[in-house]
Amino acid sequence: MPSSEVFRNRPEEMSTGRIADLLRDRIIREVLSPGSRLVEREISEELGVSRTPVREAIKELAAEGLVELRPNRGAEVATFDPRQAGDLFEVLAELEALAVQRFVRQMTVDSLSELERLHAELSRNYREDDLESYFTTNTAIHDLLIRQAGNTILAETHKRLLTRSRLGRHMAIASDQLRWAESLDEHEHLMIAVRRHDEVAAAAVWRRHLRNSGRSLASNMQR
């Protein structure tokens, strides 16, 4: 996709981090599809910056697994294959199930209130058929559960997988309307378990939620 279609507004000055944020968001939301080339010259001209911060931003995304640096071809948006998708979400399912279990165990009135607020917003996004807002709210829920789990090692491990998992969740929901409905239902069952302070049931629901996302993504990629 030409860079002019990706970047609608051109700030006068942009840092490496801001360029990386822009590219990351477009990749996760599939504005830049897997296999798309990232041409430094085109991006730097579009943003009105030198090629150096663009090059550094692309390296940052490559370290996150979102971009592949290929000899003689330059940078390309990384592709997912079905096995990678399954492996990624298998690991995430266990990490996030543990996070949910810890969240429920040490839940406060404030943390439950925030989860309730986000869940209500998620349900409204679904009713309004607003996929991008649903994805944003869904991400906020996952982030809250990880953050409130209170385990720094878990959070650090999860962070290393975070960006590719967001891409995978977006792909799974965007490509399968039935999976979107199923995802919301899993969120509903999570809330039932959380309100009952049932950490075992909550962890089981969330483990199933992540595994189902991985299976949906892998299945759609195979088709």
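Taken as a whole, the condition of being buried (at least 21 other Cβ atoms within 10 Å of the Cβ) and polar (S, T, N, Q) applies to Asn138. Screening Pro82 on (1) open to solvent by 60 Å² or more (accessible area, probe 1.4 Å); (2) at pLDDT below 95 shows it passes everything except condition (1). Out of all the residues in the range 46-59, which are at pLDDT 90 or above and not polar (S, T, N, Q)? Matches in the range 46-59: Val49, Arg51, Pro53, Val54, Arg55, Glu56, Ala57, Ile58, Lys59.
If a residue has to be touching a residue at least 24 places away in the same chain (Cβ under 8 Å) and in contact with a helix residue (DSSP H, G or I) (Cβ under 7 Å, 6 or more places away or on another chain) to count, how many in the range 124-141 make the cut?
Taking the range 124-141 as the starting set, the residues that turn out to be touching a residue at least 24 places away in the same chain (Cβ under 8 Å) are 126, 131-132, 134-135, 138-139, 141.
Of the ones still in play, those that are also in contact with a helix residue (DSSP H, G or I) (Cβ under 7 Å, 6 or more places away or on another chain) are 126, 131, 134-135, 138-139, 141.
Summing the residues that are touching a residue at least 24 places away in the same chain (Cβ under 8 Å) and in contact with a helix residue (DSSP H, G or I) (Cβ under 7 Å, 6 or more places away or on another chain) in the range 124-141 gives 7.
Arg8 meets each of the listed conditions (1) open to solvent by less than 70 Å² (accessible area, probe 1.4 Å); (2) at pLDDT below 85 apart from (1). In the set (1) at positive phi; (2) crowded, with 18+ Cβ neighbours inside 10 Å, Met171 fails one condition alone, (1). Checking each residue in the range 178-220 for being closer than 20 Å to Leu88 by Cβ and open to solvent by 50 Å² or more (accessible area, probe 1.4 Å) picks out Glu182, Arg207, Arg208, Arg211, Arg215. Take the conditions (1) surrounded by fewer than 20 Cβ atoms within 10 Å (Cβ to Cβ); (2) without any contact (Cβ under 8 Å) to a residue 60 or more places away in the chain; (3) of a type outside the set (D, E, K, R); (4) under 20 Å from Arg24 (Cβ atoms); Val109 misses just one of them, which is (4). Taking every residue in the range 51-65 that is on the phi > 0 side of the Ramachandran plot and pairing it with any residue that is open to solvent by less than 30 Å² (accessible area, probe 1.4 Å), at least 6 positions away or on another chain, the pairs with Cβ-Cβ distances below 8 Å are Gly65/Ala78; Gly65/Thr163.
With respect to (1) under 21 Å from the mean Cα position of the chain (by Cα); (2) surrounded by 16 or more Cβ atoms within 10 Å (Cβ to Cβ), the lone exception for Asp129 is condition (2). From the list Arg18, Arg41, Arg24, the lone residue that is modelled with pLDDT of 90 or more, part of a helix (DSSP H, G or I) and either open to solvent by less than 30 Å² (accessible area, probe 1.4 Å) or touching a helix residue (DSSP H, G or I) at 6+ places or on another chain (Cβ under 8 Å) (or both) is Arg41.
The values are calculated or read from the model by the stated rules, or taken from the named source; none is laboratory data. All values derive from a computational prediction rather than experimental measurement. When we count neighbours, we look across all protein chains shown, and the Cβ atoms used for this are built from the backbone with ideal geometry, even at glycine. Heavy atoms of the whole protein, side chains included, go into the accessibility calculation; ligands, DNA and RNA do not. Shrake-Rupley method; radii C 1.70, N 1.55, O 1.52, S 1.80 Å.
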